[in-house]
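Data block below; observations after.
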Amino acid sequence: MEANLLRFILFTLVGLVLTSFNDHLHNASSHYQYCVLGAGPAGLQMGFFLSKAKRDYIILERNSGPGSFFNKYPRHRKLISINKIHTGRHNAEFNLRHDWNSLLSDKPDLLFKRVSGEFYPPADAFPLYLSAFERELGLKVKYGVDVGRIRLVRSATGRSYVLIDQHAADYSCSILLVATGLWVPQEVEFAGSHLAEGYESISTNPDDYKDQAVLILGKGNSAFETAQSILGRASRVHMLSSSTVRLAWQTHYVGDLRAVNNEVLDTYQLKSLDGLAEARLEDVVITKQEERGRKRSGLNNPETRDKLYLNLRQFKQNSDEGKGSDEPWVELPDYIDNFSLRKPYDRVIRCLGFRFNFSIFDSSARLPPSENAKGRLPGVTAWYEGKNTPGLFLLGTASHSRDYRSSAGGFVHGFRYTARAVHRVLEYRHHGNKWPSTRLMTTQLMSWILKRVGEASGPYQMFETLGDVILLRGSHCEYVEEFLLQALPRFSSLSGHDVSSQGLIVLVMQYGKRKIDNLGLGRSETDWTQAWKSNFLHPVLYYYDSLPTAQDMKTRPHGWPLPRPKAIHHMVEDFLTEWDTPLSHIQPLRRFLEHCVHSDLRAFSTENCFRSALTHRKPPLFCQQGYLAR
Amino acid sequence: MASSDLPPNDPRPSPTHTSQRGQISLLRMWVCVAAVLLWISSAGCHEKANMSIHIEITAADFHERLLSGKMMFLYFQQQVSPTISLFLVELEKSAEALQDYGVLVGKVTCKKEPVQAYCTDAKHQHRAFLFRGGKEFLSFSLDTVFDVNSIVAEVLFAILRDEVKYVHTDADLQTLEEAAKGKRDIVLGYVRSLGTQEHRSLMETAYVYGSKYQFILITGGPVLKQLGVNESSQLSRVWFVHCRVHGAVMTPVTSERCPLTRMRTALSTLSLHTFLQLMEAPLVSKVFVDPSSVPPPQFPYQLTPQVFLFSHPATEHLDLDTASALAWRLRGLALLLLVHRQSPAVKTPEKYNAAYRLPEKSSEVKYLTLHSLDDVLELFTKQEEEEEEDEEEDSHSGELDDEVAADVYRNRGHFLDLDQVTQLTSDNFHSEVAQSSLTVVLFYLKWDAVSMAFLGSFVEVAEKLEDSRVDDVQMCVVDCGEWTDLCAAQPGTAVPFQPITEFPSVLLIRRQQAAQRYAGALSGEALHRFVMMSRLASPLLLSTNEEVTSFLQEVPHPDLAGYRPDKVLGLFRTESRTGLSVFTEAAELLAGEVLTGLLTDGLVEKWAAEHDVEPPAVLLFPSWRKLSHPSALPVTSSSKDLLTQIHSALLQPVPELTVENLPSFLSLGKALLLLFVGEEEDEIGRRQNQALVDQMRGVSEQGGARMERYLPCWIHLGRTPAGLSVLGSYLGSLPPLPALVLTHLLSGDEVYQYPPNTPILAGSVLQWLQSVEDGTESPAGMLGGDSWPPAFEFYDFLKVMDMQEVDPRSPEEEEVKTEEVNVEEHLVTKTMPYDHLDMNSKFHSEL
């Protein structure tokens, strides 16, 4: 009896102590349902959606203002994202197709054009725009919080992510949205790599390059931007990387070399003193030597610069596969006397882009590096959740591994839509709100599709990655905009919408996959029966009678965004990107839709509706939904 | 000449007159045919004789002939010039030709015979005049009557202008086809230009055959395209449209057009005559002798080839079907004869299954062994089709199969003048809507054909309102392809409507109120009526006897004269607050459709007593009933119920179904006891039709509760010509009118026909209904089903891609190639391991 009572008291006491200890811990940290890490464009974009949905959220930012990356980068201070203000159109959705800097909001005037009217705007305009966006939408951002550690904590109530800042304060979050961007300079280890300067720290004053021979490592936009800025001062600019130049206007990938940066191509091809060369950077050897005879030349240069010589590590010709790196190497110039890069350089500049900062994630919250992009990006699921970290999502540039080199998910004009998609996934998963959809009469479907292909910006920017899903339900259908195509097998569980036995249609914008002469004659297709050979962006509709499985998705034909459907329809590319001509676009589309819904979808005159209503049990759908419903 | 005996003043019987006159005109027709043939055969020598015909006419002659009412085509020559002389030569030539049609051609020399007015006015010297029935009928500029062909063509065209119709669109043609179905065939002509030999031939033929066939001239463009003719081909053409015996080939909705036969020879009076004769020839003739013993075709078919097919007794029906099918395809090209092998006179060896005889050769018969009917067809059409192939393919690829889209596409050149309407934008929406008490907004999409077709009507309504100075309504349009945020109801500010997901949509917006959706027919007339009605308050507060009287008896606006709206009058004592709000709510929803009035003070008792109701109550004055007999409804607890009750009480018990009102009656879900009556020609006809409708009412009244399942109704084929093909589709052929059918039964798709030639009397109709219910009647036809599979095959890209995508080179392989080229040029590194060439992972790219 007594023992029991004692035990009871003891338990109660211990319980009280434990409870108060827990309470204490709880008070020291702040809890949010949603934490957004980083107040860059992706973080603020997500902030808008969370704020609009009135969610419990906070945006944490280590710097004192939003978009701080853009205070430094691009180093030469010109954005190459298009800011086309004068489209001649009033369609707000259409105009976003040509506005690569604005974020999505419900304020029609909260657009980038407010801060800059220039087609290629100055970089400083971007943080200005982000500030306005944050301020006018009243987003909750906490600046000066430098999160150095993220760990996953499992408790009885579920799991949460705990973020610890520089003051050891912690933030506990049910859902963590990582929008930290890419800012760690990408480096490649090679003999003498320490002799190279980095894009992040080079001088941007062209005069500092007067008469210098410069070797730039990399052939991306930062490399070309750098080359372009010093072209008028440097004696020669050589660019070296493993791959040949990829031109954005040929690959349709905006991360490839944009024409706005490609002056060096001109000077190279017109045989000025600049040039491009290819070699694996890992094989490069840079050695520093004092320039022979320089001191005697009597030049008025107090600090004579050391010269940098480039060599290439060479594998033995008949090296066994896979063992290459262990093989001995020799220096090239010794036996190939016309080696392109045989003359020494004054500077070697590394312009290899940036990588994701993996270091802040504790082993409990570790993000695996992606298989593509040289592992510079974290690997994520098709709905941008960490592969082993449920509740942790990647937003913005860091989420680009899903569409690396194929679409625009690494850029503002692409990830503003994927952020919205992630928000919709969360709204359904945690709040039971199905993805927004529009209920349409089946007779109205064609007009609606034509409206979307004529104006929709999401599927247009995020081509082959986001697509509209149309759920067929007989006399009506549900139109779900901008679903994540790669997550299509999980459509129902992610969106909350069922797929009926009538099947579904997915509307995707895609480019042709054939390699063509992009400026040559015959580059465009005008015959609608050859629409599948369209080379430019054009709408493609996939009809499935049931949701494709994950296996279907995995084994989809090479280069296809989706598995082989029951029926497919290509709408022939349109020079004006309007896709609304009666013979070439509308009628073939209608016949395809008729095939999918097994019904005549033509419009009829009132007299013909009258006739068919009297001579048939039911008139055609158009008469049922139009004439008879009036 | 025979035809000069024609009655002088009106040689053409009016087409609306029937039987007796029809016979006369048929007789006359044959006389005319003979005349034409004679004229043709002797044309050569007349040409010379024409020159000598004296066409000089004196003033006295002119006045005398004018008084007699004879037809005259005259030129009053005021002066002499080379041009005039040339014209006079042609005029003289035409005198002989037109004489055959009872037209006197003449010239008055003004210098000698000054006829008042015609000789004095200088502007008359460039015109020639047609006189008919004692007065000037038409005058022609000398530019249009420049030679003998144009004179004859234009004069005949003028005389026939009530009978030869013009069609501009396929819809016009379809309407005429509808009217002709079961009555007469149509001759459809297209002449490359007026005043030509072809035009003249067509007019001469129309003159002769006008009472037998409906002649129609196509103006080109859309109809030609529809007929598969490339407009640029520049040939005059004639088609024969088989509408008279149409019933046999009747199919629903889109293919209910009369079959066509194109005339394949060049257009001339003779060829046209031969062609029409050929159209009258029996489709298939049976013969019981060997083809070689069959005589060559006799007049008028002597120039037509004969085709023989053989029939066995065992497969007689099948053979006949095959022969008929081929005969349709050969129509106008050859005559088809079916040889019955069982006849002992038939000696043709069994190995032959066909034979033919060509007219121009000797009358020798050639025997053939065919594998398909197309082989025969080829014999007669091969050459021709080669000529036309490209042209046909062209027109086919250019066809739109959707009638509304095709119509809009054809009119794409006519830009709509949107000046009469205000174009709403996201920016001006609120300020524009605030400007008037009623704003009517059309939301449209440019690529939606139905929207674009209706936009035209909408603008017309706006113009009509403007013309009658209706200034309290603002007509607006929103281009939803441009103002996508406004149409999604998200222009950044609140708007009084939900996102628009149906196009076209019309909303009526009143200040400070939620928008009202226009749910009426997409026609200008219906919308105009709705808008005019919507201008009135709903309900309209009535406080004096005069106001009530004017509410009940007057049309709300002179523009609606002739329209009788349904009217609803609410009687409420001031204290019955709840009932009043229910009524007011219902009245708001009825705005535009029904006129509602509200009485709340002393007058309530007077009206309630007069109509023997206890307030609160609603009195209904349906448009189809006399004002003195309103029906009364109690006020229900919800406006929705009240609305339903008002709607059903306003429905006419034995309605005349029209294109516009059919939906409201079909929605009742009742079987239709449907009477078809023809167009009345006179008062007697009208009375007969009225008596029939009265019998239908009788059916409804005498049948009592049994009639609950049926809706007795009727269609007036004159006012609703679309009903004609409905009737044809029910029964497979057109029965004599009136016709009574029972259709849309809940129990099945059978269509029953009330015994034709039995008087339609309420009692016997009820008996008949009973026997239908008992299952002792057999159906006369069947309703079509409810499934409408696609009418056109889709273009199967997947199949095409599978077929054409041979050996696609994978991008990797191409990569390798480019890489090698570069390596060569720069001699950098020769040993790129191939397994590292996954470019996706190898690349640097700026992010």
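FYI, it's all coordinate maths here, none of it is from the lab. Being a predicted model, the structure only gives us computed values, none of them experimental. Here the Cβ is made from the backbone with ideal geometry for all residues, glycine too, and neighbour counts use every protein chain on show.
Stretch B:Asn661-B:Ala266 to full length: gain in nm at 0.36 nm per residue minus the Cα-Cα span? Don't skip to the end; give the middle numbers.
On the way: separation 395, 0.36 × 395 = 142.20 nm, distance 4.79 nm.
Going from the current span to full extension adds 137.4 nm.
Around A:Phe354, which amide H atoms from residues at least 5 apart in sequence, or from another chain, sit under 5 Å from its own amide H, with H modelled in the peptide plane?
Here the answer is A:Gln186, B:Leu847, since their amide H atoms fall under 5 Å of that of A:Phe354.
Mind listing the phi-derived Karplus ³J(HN,Hα) values for segment B:212-221, rounded to whole Hz, using 6.51, -1.76 and 1.60 with θ = phi - 60°, and x for any glycine or proline?
8, 10, 7, 8, 9, 9, 8, 8, x, x
What helices in chain A pass both tests, a Cα length along the helix axis of 20 Å or more and a mean Kyte hydropathy of 0.0 or higher, using whole DSSP H runs? Could you put the intermediate results ahead of the total?
Working: long enough: A:2-28 (39 Å, 0.76); A:412-431 (27 Å, -0.76).
Within chain A the helices that satisfy the rule are A:2-28.
How big is the Rg/Rh ratio for chain A, C-alpha atoms only, Rh by Kirkwood, two decimals?
Values: Rg = 29.3 Å, Rh = 28.0 Å.
Reported Rg/Rh (Cα atoms, Kirkwood Rh): 1.05.
Counting only C-alpha contacts under 8 Å and six or more residues apart, can you give the relative contact order of segment A:437-597 as a whole percent? Could you put the intermediate results ahead of the total?
On the way: 288 pairs, mean separation 36.3, N = 161.
Computed over segment A:437-597, the figure is 23 percent.
Can you give the log10 of the normalised intensity I(q)/I(0) at q = 0.16 Å⁻¹, computed with Debye over equal Cα scatterers of segment B:422-650?
Normalising to I(0) and taking log10 leaves -1.10.
Where both partners of a DSSP beta bridge lie in segment B:432-577, what percent of those bridges are antiparallel, to the nearest 5? Present the calculation step by step, with values, prior to reporting the outcome.
Working: 8 of 15 bridges.
Percent antiparallel among DSSP bridges in segment B:432-577 is about 55.
To the nearest 0.05, what FRET efficiency results for A:Lys52 and A:Thr555 with a Förster distance of 30 Å applied to their C-beta separation?
0.15
Before rounding to the nearest 500, sum -39500 (n - 2.57) across all DSSP H runs of length at least 4 in chain A and divide by the residue total; then give [θ] at 222 nm in deg cm²/dmol. Walk me through the intermediate numbers first.
Numbers: 15 runs with 146 residues, N = 630.
Taking each H run of at least 4 residues, the total per residue is -6500 deg cm²/dmol.
Could you pull out which residues in segment B:631-672 have an amide N less than 14 Å from a spot 7 Å beyond the Cα of B:Arg719, following the Cα-Cβ vector?
Hits in segment B:631-672 for B:Arg719 at 14 Å: B:652-662.
Nearest 5 percent is fine: what portion of the DSSP beta bridges confined to the protein assembly as shown is antiparallel?
Details: 104 of 190 bridges.
For the protein assembly as shown, the DSSP antiparallel bridge percentage is about 55.
Just to check I understand the Karplus step: with θ = phi - 60° and J = 6.51 cos²θ - 1.76 cosθ + 1.60, what whole-Hz values come out for segment A:181-198, glycine and proline as x?
x, 10, 9, 7, x, 6, 10, 10, 7, 8, 5, x, 5, 5, 7, 8, 8, x
Looking at segment A:498-583, which GluC sites (Glu not before Pro) are DSSP coil and have at most 16 other C-beta atoms within 10 Å of their C-beta? Present the calculation step by step, with values, prior to reporting the outcome.
Working: sites: A:Glu525, A:Glu573, A:Glu578; in loops: A:Glu525, A:Glu573, A:Glu578.
Here the GluC sites (Glu not before Pro) that fit, given the DSSP loop and packing criteria, are A:Glu578.
Could you pull out which residues in segment B:334-348 have an amide N less than 17 Å from a spot 7 Å beyond the Cα of B:Asp290, following the Cα-Cβ vector?
Within reach of a label on B:Asp290, which here means backbone N under 17 Å from a point 7 Å along Cα→Cβ, segment B:334-348 contributes B:339-348.
If we sort A:132-145, A:502-515 on the protection proxy, mean other Cβ atoms within 10 Å, highest first, what's the order?
Numbers: A:132-145: 16.4, A:502-515: 19.9.
In decreasing order of mean packing, A:132-145, A:502-515 become A:502-515, A:132-145.
What average number of partner chain Cβ atoms lie no more than 10 Å from the Cβ of the residues making up B:657-665? The partial results should precede the final answer.
Working: counts 2, 1, 9, 4, 1, 8, 10, 2, 0.
Neighbouring Cβ atoms belonging to other protein chains average 4 per residue here.
Considering only DSSP beta bridges where both residues belong to segment B:661-782, give the percentage that are antiparallel (nearest 5). Write down the numbers at each step before the final one.
On the way: 9 of 16 bridges.
The antiparallel fraction comes to roughly 55 percent.
How many partner chain Cβ atoms sit within 10 Å of a residue's Cβ in peptide A:594-605, on average, as a whole number? Walk me through the numbers on the way to the answer.
Values: counts 7, 7, 2, 1, 4, 4, 9, 4, 12, 11, 6, 8.
The mean count of partner-chain Cβ atoms within 10 Å per residue comes to 6.
Rounded, prolate or oblate: pick one for segment A:373-429, where a ≥ b ≥ c are the square roots of the eigenvalues of its C-alpha gyration tensor, a/c under 1.5 means rounded, and failing that, prolate if a/b is larger than b/c, else oblate.
Here segment A:373-429 falls in the oblate category.
Ignoring solvent entirely, what values of log10 I(q)/I(0) come out of the Debye formula for the protein assembly as shown at 0.07, 0.08 Å⁻¹ when each Cα is a single scatterer?
Log-scaled intensity ratios, in q order: -1.03, -1.18.
When the C-alpha atoms of segment B:56-158 are aligned to their principal axes, what extent does each axis show, in angstrom, from largest down?
The principal-axis extents, from largest down, are 33, 29, 19 Å.
Give the value in nm², to one decimal: projected area of the alpha carbon convex hull of segment B:164-380, averaged over all directions. Before the final figure, lay out the partial values.
Working: hull surface 52.2 nm².
One quarter of the hull surface, i.e. the mean projection, equals 13.1 nm².
Can you give the FRET efficiency for A:Leu583 and B:Lys640, using 1/(1 + (r/R0)^6), R0 = 51 Å, r = Cβ-Cβ distance, to the nearest 0.05?
Values: r = 46 Å, r/R0 = 0.90.
The calculated FRET efficiency here is 0.65.
Given 0.36 nm per residue, what is the gain on full extension from B:Glu466 to B:Arg341 after removing their alpha carbon distance, in nm? Walk me through the numbers on the way to the answer.
On the way: separation 125, 0.36 × 125 = 45.00 nm, distance 7.63 nm.
Working it through step by step, the gained length comes to 37.4 nm.
If amide hydrogens are placed 1.01 Å from N in the peptide plane, which non-local residues have theirs closer than 5 Å to the one on B:Val339?
When sequence neighbours closer than 5 places are left aside, the close amide H contacts are B:Val287, B:Leu309, B:Phe310, B:Ser311.
Which whole number of Å³ per residue matches the convex hull of the alpha-carbon atoms in segment B:727-801? Walk me through the numbers before you get to the answer.
Working: hull volume 9.0 nm³, N = 75.
Per-residue hull volume (Cα only) is 120 Å³.
Find how many whole Å separate the alpha carbon centroid of segment A:212-258 from the alpha carbon centroid of segment A:411-483.
For segment A:411-483 versus segment A:212-258, the Cα centre distance is 38 Å.
Please identify which residues in segment A:171-190 have an amide N closer than 20 Å to a label point set 7 Å out from the Cα of A:Arg429, following the Cα→Cβ vector.
Taking a point 7 Å out along Cα→Cβ of A:Arg429, the residues of segment A:171-190 whose backbone N falls under 20 Å are A:172-181.
For B:Val568, which sequence-distant residues (separation of 5 or more, or a different chain) have an amide H within less than 5 Å of its own amide H, given hydrogens modelled in the peptide plane?
The list, which skips near neighbours in sequence, is B:Leu595, B:Thr596, B:Gly597, B:Phe621.
Per residue of B:404-413, count partner chain C-beta atoms within 10 Å of its C-beta, then hand back the mean as an integer.
Mean partner shielding for this stretch: 3.
For chain A, what is the relative contact order in percent, using Cα pairs closer than 8 Å and at least 6 residues apart in sequence? The partial results should precede the final answer.
Values: 1196 pairs, mean separation 66.7, N = 630.
Relative contact order here is 11 percent.
Using the Karplus equation 6.51 cos²θ - 1.76 cosθ + 1.60 (θ = phi - 60°), what ³J(HN,Hα) coupling, rounded to whole Hz, does each residue of segment B:331-338 give in order, writing x for Gly and Pro?
Using θ = phi - 60°, the values come out as 3, x, 10, 7, 9, 10, 10, 10 Hz.
As a footprinting exposure proxy, order B:Cys480, B:Cys110 by other Cβ within 10 Å, with the fewest listed first.
Numbers: B:Cys480 26, B:Cys110 18.
By the 10 Å Cβ count, ascending, the order reads B:Cys110, B:Cys480.
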